[in-house]
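Each remark here refers to the structure printed beneath this line.
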Amino acid sequence: MARLLERYRKEIAPALASALGRDNVHSLPRLEKVVISMGVGRAIQDSKILDEVAEHLMQLAGQRPTIRSARKSVAQFKLREGMKIGASVTLRRHRMYEFIDRLITIVLPRVRDFRGVSAKAFDGNGNYSLGLTEQVVFPEVNADKVKTMQGMNIAIVTTARNDDEGRLLLKELGMPFRKSQNS
């Protein structure tokens, strides 16, 4: 069992139940899925860049990514409908908890000048999104073999009813939110 999932069941769920005043364990917010996506606009000129990015995404997620194609043609970007321009992975269950655990304990502290993640990046329904500027902060990716640096978006989807519940869940999981300037 994933370490974070075990911690959620033994420590975090009871803490959430007391903080939210709920008795039913199934009504508590929990993680549903994590979507990691990399948009590679430079893949229009060189398709090898997309292959390299997909390989890195597979290493850090633990499963093969799906290659995403352009939905529309955009003349200014020399983009045609159907061109391969990105890769994404959806993680669920144990892989999701293992990824979140690695993200919180290993990856985020390795980010240069890291002072915490924004507490405002919620979507109104308790889901959280964050972006990383380079894939080499993950220990699975060998920095010496990386030819092109590529950023990524990480969307954490929860079953929370609102942003406050989602923020409470992620705070209990150990997400290092940035301290506000006012306090």
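Only the coordinates and a few stated rules stand behind these numbers; no lab work does. Remember, predicted model here, so these are calculated numbers, not experimental data. Cβ sites come from the backbone with ideal geometry, for glycine too, and all protein chains shown count toward neighbours.
Things worth noting here:
- Dividing the summed -39500 (n - 2.57) terms of all DSSP H runs of n ≥ 4 by the residue count of the chain sets its mean residue ellipticity at 222 nm at -8000 deg cm²/dmol.
- In a DSSP loop and with at most 14 other Cβ atoms within 10 Å, the trypsin sites (Lys or Arg not before Pro) in region 80-138 are ARG80, ARG92, ARG112, ARG115, LYS120.
- Value of D in µm² per second that Stokes-Einstein yields for region 59-115, Kirkwood Rh from Cα pairs, at 20 °C (1.002 mPa s): 153 µm²/s
- Among the GluC sites (Glu not before Pro) within region 28-106, those in coil by DSSP and having at most 16 neighbouring Cβ atoms inside 10 Å are GLU81.
- For the chain, fraction of C-alpha pairs farther apart than 27 Å, in %: 34 percent
- Amide H partners (placed H, <5 Å) of SER129, local residues excluded: ILE156
- Span from the region 65-109 Cα centroid across to the region 120-167 one, whole angstrom: 10 Å
- Rg/Rh, computed from the Cα trace of region 13-82 with Rh as the Kirkwood radius, has the value 1.28.
- Lysine pair count for region 29-173 [Cα-Cα under 26 Å; pairs on different chains or 8 or more apart]: 13
- Residue order, fewest to most beta carbons within 10 Å, for LYS33, LYS179: LYS179, LYS33
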